[in-house]
Amino acid sequence: MARSKTLTAGLFTMMFLAPSILAADPDPLQDFCVADLDSEVSVNGYPCVPTSEAGDDFLFSSRLATAGNTSTPNGSAVTRLDVQGFPGTNTQGISMNRVDFAPGGINPPHVHPRASEIGMVTRGELLVGIIGSFESGERLYSKVVRAGGTFLIPRGLMHFQYNVGAEEASMFVSFNSQNPGIVFVPVSLVGSNPPIPTLVLTRALRVNASVVELLKSNFASGSYFIPRTVE
Ligand code: GLV
Ligand code: MN
């Protein structure tokens, strides 16, 4: 009897909580809520610009029409179309990126804390790698994806792309969040501000302090390119 009561309570909780747990961003409560990026009000997302002041173009953007400049240390350029670059996405739970790669270019290992990602390679050939969590044995899932091919990155899993072709490559990705966020793993580990204590990293990475110091010096402020939005 007690067991079936617990089961009923569990099912009840799952039924009513599941939709809110599965959604990446909260649902919109109106058609449009164009982000007021300059508002000083601090809320989850952005307050809305009055629709009468939003103009007609907030549903359109040509930001992803142009390839980014891939002459960077990573040999890639990420053009972000999140809520900061496309304020119409505010409250819509959706955003996009375009990434261009020189031959041999990489998009370094990174994580999106607030979104799953789905992408399509539009030219060239990219090795796409996704690393499962500790629970799934940190398995690396990888494949060379060619133009027209798609890939899926579950929320929170580390992933990377590498242009293995002889030509430039490009891909477009979408997220189920207006603000997926990005954690670049190398930068987080050895380029944080202030830095993680060297002792923590020597033990975590099982290397000498000199190795950690060398890595840290590569990422010391200003001396290493951190991929940013291409304006
Ligand atoms: C690619 O993985 C991206 O987040 O732009
Ligand atoms: Mn990504």
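Per-structure values
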| item | result |
| --- | --- |
| For the range 177-204 and the range 93-157, distance of Cα centres in Å | 20 Å |
| Shape of the chain, Cα gyration tensor, a/c cut at 1.5 | oblate |
| Extension gain, L37 back to Y141 (0.36 nm per residue minus Cα-Cα distance, nm) | 33.7 nm |
| Dipole in debye (nearest 20) - the chain, about Cα centre, beta carbon charges: Lys, Arg +1; Asp, Glu -1 | 1160 debye |
| Neighbourhood net charge (12 Å Cβ-Cβ; Lys/Arg +1, Asp/Glu -1) for G45 | -3 |
| 10 Å beta-carbon shell around A115, net charge (K/R +1, D/E -1) | -1 |
| Residues M120, M96, M158, sorted so that the one with the fewest Cβ neighbours within 10 Å comes first | M120, M158, M96 |
| Computed FRET value (nearest 0.05) for R63 with I196, which takes r as the C-beta separation and R₀ as 35 Å | 0.55 |
| Cα-projected label distance for E53 with M120, points at 7 Å along beta-carbon direction, nm | 3.7 nm |
| Distant-in-sequence amide H partners of V145 (H built 1.01 Å from N, under 5 Å) | L126, L127, V128 |
| Computed FRET value (nearest 0.05) for D27 with V164, which takes r as the C-beta separation and R₀ as 45 Å | 0.70 |
| Phi-based couplings in Hz for the range 79-84 (Karplus 6.51, -1.76, 1.60; Gly and Pro marked x) | 10, 9, 10, 9, 4, 5 |
| Selected from A220, S71, G181, residue furthest toward positive end of dipole (the chain; charges at beta carbon) | A220 |
| Dipole magnitude (debye, nearest 20) for the range 106-177, charges at Cβ of Lys, Arg, Asp, Glu | 140 debye |
| Label-point separation, V207 to F172 (7 Å along Cα→Cβ), nm | 3.9 nm |
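A short reminder: the numbers here are calculations on the coordinates, not readings from a lab. Because the structure is predicted, anything quoted here is derived from the model rather than measured. Every residue, glycine among them, receives a Cβ derived from its backbone with ideal geometry; neighbour counts consider all protein chains shown.
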